[in-house]
Amino acid sequence: MGTSYTTEFRFLHPTAPPKVQVYSRNPGNFGEKNVLICHVSGFHPPDISIQLLKNGKEIPNSNQTDLAFEQGWQFHLTKSVFFTPAAEEEYSCRVRHLKNLKTYTWGEFLYLLESVCRCVPITYTRPTTIWSVYFN
């Protein structure tokens with residue numbers, strides 16, 4: 001009768017690793033309720049999973065946004081959970097993108113900053129604290 005043809009179209013986008021930010025809604029004061037947030041952006045393809053961890057174990061009852069895309073078909077996603085930080089605990093975000101697995105620790109930048117500078121809080125009469133940073 002006739003010849004049949006199969007055509008396959010593939011739109012290839014370069015693989016892009018995620019950019020990860022781990023932070024809290026409010027300043028991280030021990031013993032005060034807060035929200036731990038892990039924002040993952042700029043990745044492609046959208047094969048990704050995010051876990052929020054306390055001392056290496058997944059924290060239950062976390063919330064995750066819907067997967068959304070940015071310019072150039074890169075994606076972003078945010079996961080959050082209520083928590084009350086304590087001095088002896090470690091909070092982190094574990095991200096698996098494709099076959100790559102990496103853990104990002106909350107507060108890691110603050111500890112690094114404290115090791116290279118003197119940070120002095122300046123409190124005004126209003127309920128606002130501003131940090132003045134002096135590099136050694």
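Could you run through the stretch 52-91 and say how many residues are in a strand (DSSP E or B) and surrounded by fewer than 16 Cβ atoms within 10 Å (Cβ to Cβ)? Let's see the steps before the verdict.
Our first condition is that a residue be in a strand (DSSP E or B); within the stretch 52-91, this holds for 52-54, 57-58, 63-64, 68-69, 75-83, 91.
Right, trim to surrounded by fewer than 16 Cβ atoms within 10 Å (Cβ to Cβ) and you get 57-58, 63-64, 68-69, 82.
Residues in the stretch 52-91 being in a strand (DSSP E or B) and surrounded by fewer than 16 Cβ atoms within 10 Å (Cβ to Cβ): 7 in total.
Exactly one residue among SER49, SER24 is surrounded by fewer than 19 Cβ atoms within 10 Å (Cβ to Cβ) and either touching a helix residue (DSSP H, G or I) at 6+ places or on another chain (Cβ under 9 Å) or more than 14 Å from TRP106 (Cβ to Cβ) (or both), and that residue is SER49. When the stretch 14-24 is examined, which residues are found to be polar (S, T, N, Q) and assigned to a strand (DSSP E or B)? Once the filter is applied, which keeps residues that are polar (S, T, N, Q) and assigned to a strand (DSSP E or B), the stretch 14-24 yields GLN21, SER24. For the stretch 25-41, the candidate set comprises residues that are assigned to a strand (DSSP E or B) and more than 12 Å from the chain's Cα centre (by Cα); within that set, the residue that is farthest from ASP66 (Cα to Cα) is ASN34. Residue count for the stretch 43-93 under the criterion of being touching a residue at least 40 places away in the same chain (Cβ under 8 Å), in contact with a strand residue (DSSP E or B) (Cβ under 8 Å, 6 or more places away or on another chain) and among the aliphatic types (A, V, I, L, M): the result is 5.
Hey, could you check the stretch 92-111 for residues that are assigned to a loop (DSSP other than H, G, I, E, B) and not basic (Lys, Arg) and say which is farthest from LEU52 (Cα to Cα)?
Kept after step one, since they are assigned to a loop (DSSP other than H, G, I, E, B), are these residues of the stretch 92-111: 98-99, 106-107.
Subset that is not basic (Lys, Arg): 98, 106-107.
Details: LEU98: 18, TRP106: 10, GLY107: 14 Å.
Residue satisfying both the conditions and the ranking: LEU98.
Read-outs: derived from the displayed coordinates by stated rules, not from any lab. Note that the structure is a prediction, hence the values are computed from the model and not measured. Using ideal geometry, Cβ is built from the backbone for each residue, glycine included, and neighbour counts are taken over all protein chains shown.
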